[in-house]
Amino acid sequence: MRSNSSTIRTGRAVTTLAALMAGALALTACGGNDKKSTGDNSTSATPTSTLSLPKLDGTTLEVAAVWTGQEQKNFKQVLAEFEKRTGAKVTFVPAQDPIINFLGSKIAGGQPPDIALLPQPGAIKQAVQKGWAKPLSADTVTEVQKNYSQGWQDIGKVGGKQYGVYYKAANKSLIWYNTKVFENAGAKEPKTWQDLLTTAQAVYDSGVTPFSVGGADGWTLTDWFENVYLSQAGPEKYDQLAQHKIKWTDPSVKQALTTLAQIWGKKGFVAGGAAGALQTEFPASVTQTFTGGDQPKAGMVYEGDFVQVNIGETKAKVGTDAKVFPFPAVGSTAPVVSGGDAAVVFKDSKGAQALAKFLASPDAATIQAKLGGYLSPNKNVADSAYPNEVQRKIAQALIASGDDFRFDMSDQAPQAFGGTPGKGEWKDLQDFLQNPKDVAGTQAKLEKDAAAAYGSGS
């Protein structure tokens with residue numbers, strides 16, 4: 001059974017954060033021309049930075065993460081600033097999912113990275129249990145405590161010790177839409193699930209497929225499920241299912257899957273049908289929503305704030321051509337699901353701890369925030385660091401939530417269940433997308449796979 005230490009267990013501000021999000025996302029975003037605070041630029045900290053880093057001339061470090069494309073390029077700018085300040089040489093090592101397996105092979109070969117960015121609290125726990133991860137130094141922990149709410153500190157802890165620095169966060173309760181499609185369809189931003197179905201029907205009637213689904217990446221499907229489940233079943237049930245304290249055969253899971261099938265199983269509602277969606281990777285699910293003029297492949301795409309990076313690869317502008325609304329309320333309140341990537345030290349050294357400290361600082365996060373498509377849980381990153389009004393308000397809402405958020409459920413699970421392509425929850429929900437009528441069979445498969453993974457802790 002998964003420890004409760006890696007999750008945040010309060011629900012009182014879910015409604016508050018949803019309200020904040022609704023207000024934030026109603027704003028029209030501008031381009032990237034907002035005035036920055038004096039002294040800021042995209043590659044260095046403000047002159048008032050108090051971050052102290054050692055001189056590391058001659059030190060070489062490796063950082064592993066699953067990030068690709070623009071996200072990887074942007075993170076490399078952060079590493080370049082660390083090199084500039086310390087004299088160290090840092091190499092980015094592209095990792096594959098599941099990252100625990102990737103790290104295992106590197107460690108078996110005697111070549112672990114100095115730091116890895118782990119996208120699941122479950123992966124942090126596994127790395128600690130296997131004896132791979134090293135605790136953060138006192139100096140680095142001080143930086144974490146200065147910049148993060150208790151909740152974000154706690155999900156980086158195992159056995160009371162700080163192992164992870166949550167460098168990147170995600171608000172995973174957003175639906176992005178093509179404004180031209182909505183205008184042509186006379187569609188409105190929905191507040192409830194029923195409203196969403198009505199909006200989707202209006203888009204469909206206008207001649208455009210309502211939803212783009214990146215079903216080739218199973219994690220997108222788990223995110224769909226989690227938003228429906230959190231809103232419909234409520235935070236207590238969400239926590240119980242996240243820890244496998246209730247079974248996937250529970251009636252609440254049946255209700256959520258049945259609800260999901262109203263979109264996944266509706267003919268003409270998913271671009272390319274189930275077969276097409278299962279061949280569509282996440283980046284393409286975004287770009288195909290914002291290309292094609294009046295006839296894109298879909299009018300809407302569900303996913304987190306990081307979608308902006310992919311929209312940036314098209315001619316569409318966030319806030320004008322591409323807008324966003326909070327995931328609609330399925331139950332009494334709209335869901336607020338968060339995710340994140342934590343920097344974890346695998347080779348304990350002065351250089352690795354210094355890099356972890358840098359990643360825990362507002363200096364590092366500010367660099368990537370300005371480049372767009374990034375959200376930091378660091379409460380000391382200035383709002384002005386974000387390049388547009390939409391992103392600023394998403395960041396403000398996340399920070400305002402304090403400790404009151406729900407972390408992505410599949411990321412809390414053992415990686416064999418919640419984080420492995422072609423296995424566990426990812427595969428079971430891909431099968432469900434293909435056959436949304438088989439609710440009971442899907443529940444049985446989910447429970448069988450969850451019981452095996454939680455039982456072994458793998």
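The values are calculated or read from the model by the stated rules, or taken from the named source; none is laboratory data. Because the structure is predicted, anything quoted here is derived from the model rather than measured. Counting neighbours? That spans all protein chains shown, and the Cβs are built from the backbone with ideal geometry, glycine included. For accessibility, only protein heavy atoms count, side chains too; no ligands or nucleic acids. Shrake-Rupley method; radii C 1.70, N 1.55, O 1.52, S 1.80 Å.
Some notes on this structure:
- In a reduced charge model with +1 at each Lys and Arg Cβ and -1 at each Asp and Glu Cβ, the chain shows a dipole moment near 520 debye about its Cα centre.
- The angle separating the long axis of helix 251-264 from the principal Cα axis of greatest extent in the chain is about 70 degrees.
- Size-normalised alpha-carbon gyration radius of the stretch 204-261, reference 2.2 N^0.38 Å: 1.33
- Cα-Cα pairs of the stretch 337-395 separated by more than 12 Å (percent): 68 percent
- Compactness relative to 2.2 N^0.38 Å, alpha carbon Rg of the stretch 59-206: 1.42
- Remark: spin-label model distance Q279-K347 equals 4.3 nm, labels positioned 7 Å along the Cα→Cβ axis.
- Spacing of the two label points (7 Å from each Cα toward its C-beta) at N101 and S332, in nm: 4.2 nm
- Above-threshold pairs, the threshold being 20 Å between Cα atoms, out of K157/K347; K297/K370; K146/K370: K297/K370; K146/K370
- The C-alpha atoms of the stretch 68-155 occupy a region whose extents along the principal axes are 32, 30, 24 Å, arranged from largest to smallest.
- Radius ratio Rg over Rh of the chain, counting only Cα atoms, Kirkwood formula for Rh: 0.95
- Taking the stretch 261-391 and dividing mean pair separation by its residue count, relative contact order in percent (alpha carbons under 8 Å, at least six apart): 16 percent
- Rounded accessible area of F405 (nearest 10 Å², 1.4 Å probe): 0 Å²
- The portion of the accessible surface of the stretch 224-332 made up by carbon and sulfur, rounded to a whole percent, is 49 (1.4 Å probe; DNA, RNA and ligands excluded).
- Cα-derived Rg to Rh of the stretch 293-364, Kirkwood definition: 1.15
- Spin-label proximity, A452 to the stretch 88-131 - amide N less than 17 Å from point 7 Å beyond Cα toward beta carbon: 98
- Relative contact order, whole percent, for the stretch 106-237 stands at 13, derived from Cα pairs under 8 Å and 6 or more residues apart.
- Measuring nothing but how far apart in sequence close Cα pairs (under 8 Å, 6+ apart) lie, relative to its length, the stretch 337-458 scores a relative contact order of 18 percent.
- Rounded FRET efficiency, nearest 0.05, which uses the C-beta distance separating K84 from K267 and R0 of 60 Å: 0.60
- Note on the stretch 311-377 and the stretch 56-103: Cα centroid distance 16 Å, given to the nearest whole angstrom.
- Positive-end residue, the stretch 80-190 charge dipole about Cα centroid, Cβ charges, pick of Q162, A95, P119: Q162
- Across the stretch 254-336 the C-alpha pair distances fall into 10 Å bins from zero in the proportions 15, 43, 35, 7, 0 percent.
- From the largest down, the stretch 174-292 spans 46, 29, 22 angstrom on the principal axes of its Cα atoms.
- Charge-dipole axis of the stretch 344-458 as Lys and Arg at +1 and Asp and Glu at -1 on Cβ define it, positive-most pick from P414, A365, S401: A365
- Computed [θ] at 222 nm, deg cm²/dmol, the chain (DSSP H ≥ 4; -39,500 (n - 2.57); rounded to nearest 500): -13000 deg cm²/dmol
- Considering the stretch 53-117, its Cα convex hull presents a mean projected area of 4.5 nm².
- P(r) for the stretch 170-236, from all Cα pairs and a bin width of 10 Å, is 18, 45, 32, 5, 0 %, short bins first.
- Label-point separation, D250 to N435 (7 Å along Cα→Cβ), nm: 2.6 nm
- For the chain: accessible area per residue (Å², 1.4 Å): 37 Å²
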